[in-house]
1. In segment 96-110, what count of residues is obtained for those that are in a helix (DSSP H, G or I) and more than 22 Å from the chain's Cα centre (by Cα)?
2. If I filter segment 149-165 down to residues being surrounded by fewer than 17 Cβ atoms within 10 Å (Cβ to Cβ) and in contact (Cβ under 8 Å) with a residue 60 or more places away in the chain, which single residue comes out as farthest from the chain's Cα centre (by Cα)?
3. Which residues, taken from segment 125-148, are surrounded by fewer than 16 Cβ atoms within 10 Å (Cβ to Cβ) and under 29 Å from residue 181 (Cα atoms)?
4. Specify the residue that is surrounded by the most Cβ atoms within 10 Å (Cβ to Cβ); the eligible residues are those in segment 166-181 that are on the phi < 0 side of the Ramachandran plot, assigned to a loop (DSSP other than H, G, I, E, B) and at pLDDT 80 or above.
5. Among the residues of segment 183-209, how many are within 20 Å of the chain's Cα centre (by Cα) and part of a loop (DSSP other than H, G, I, E, B)?
6. Does residue 220 satisfy the criteria of being within 23 Å of residue 123 (Cα to Cα), crowded, with 16+ Cβ neighbours inside 10 Å, without any contact (Cβ under 8 Å) to a residue 40 or more places away in the chain and under 14 Å from the mean Cα position of the chain (by Cα)?
7. Which of the residues belonging to segment 192-211 are modelled with pLDDT under 95, more than 14 Å from residue 148 (Cβ to Cβ) and touching a helix residue (DSSP H, G or I) at 6+ places or on another chain (Cβ under 8 Å)?
8. In a helix (DSSP H, G or I), in contact with a helix residue (DSSP H, G or I) (Cβ under 6 Å, 6 or more places away or on another chain) and under 22 Å from residue 251 (Cβ atoms): does that describe residue 154?
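The values are calculated or read from the model by the stated rules, or taken from the named source; none is laboratory data. Keep in mind it's a predicted model, so treat the numbers as computed, not measured. When we count neighbours, we look across all protein chains shown, and the Cβ atoms used for this are built from the backbone with ideal geometry, even at glycine.
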């Protein structure tokens, strides 16, 4: 693994020089993969009619898909955490990439990403949590409101706990565009954007026609990915912080959505 990180250190300047092109290519690839997974999931697990509980087999397939997301997210996070404690190789690769972004990302792009990253600030996510929960309660969906708050608050507590465990210092970010305090690993903006905007897409699917569902998922994926990238470009997080934040956020999102779906299934079966 040290050899792989050493190779990445040598490639870091080239990555920085082509940072914006790599961002757009990565985003397009991620959206294509998301669309493919969506198509496959709809082929194997066709959507049910509103108000009708899924069959036990269909529920099991959906929970298995969610469990796979949990396992994958936990595995990625564990691998990064192990690499952090195994030696200085990961830190050297992270620092080389941060240094490359310092000179490789255009100032105009940094201004855009500095605005984009605010969408996952604590104040923004707190306001969203309050507004969405109030709207759900007002429309009589108290259990969904509880699930929404459990997802948002639970992720915040999980991220804070993980930061205190690893106590990783942030990279130097002295351009004044964005200032961040506290520990760096894992990225709270990355995990928070995955959970909050992923949950928003999940909730919104209950209120819009099915033809808009994929668009909602793609929008959530694009926004979460771009917010995570903004943390790297602005150098308030190392690349491994962001990837770990994506991993922990995805695992927690899968747990929350799976729990909500299982609860709704039991409620409909017993009704």
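1. 8
2. 150
3. 126, 127, 130, 131
4. Applying the first criterion (on the phi < 0 side of the Ramachandran plot) to segment 166-181 yields 166, 168-175, 177-181.
When the remaining residues are screened for being assigned to a loop (DSSP other than H, G, I, E, B), the result is 168-175, 177-181.
Filter once more, keeping what is at pLDDT 80 or above: 168-171, 181.
Numbers: 168: 20, 169: 11, 170: 19, 171: 22, 181: 6.
Among residues in segment 166-181 that are on the phi < 0 side of the Ramachandran plot, assigned to a loop (DSSP other than H, G, I, E, B) and at pLDDT 80 or above, the one surrounded by the most Cβ atoms within 10 Å (Cβ to Cβ) is 171.
5. Residues of segment 183-209 within 20 Å of the chain's Cα centre (by Cα): 183-205.
Now drop any that are not part of a loop (DSSP other than H, G, I, E, B), which leaves 183-187, 205.
Residues flagged as within 20 Å of the chain's Cα centre (by Cα) and part of a loop (DSSP other than H, G, I, E, B) within segment 183-209 amount to 6.
6. yes
7. Hit for segment 192-211 is 208, nothing else.
8. In short, no.
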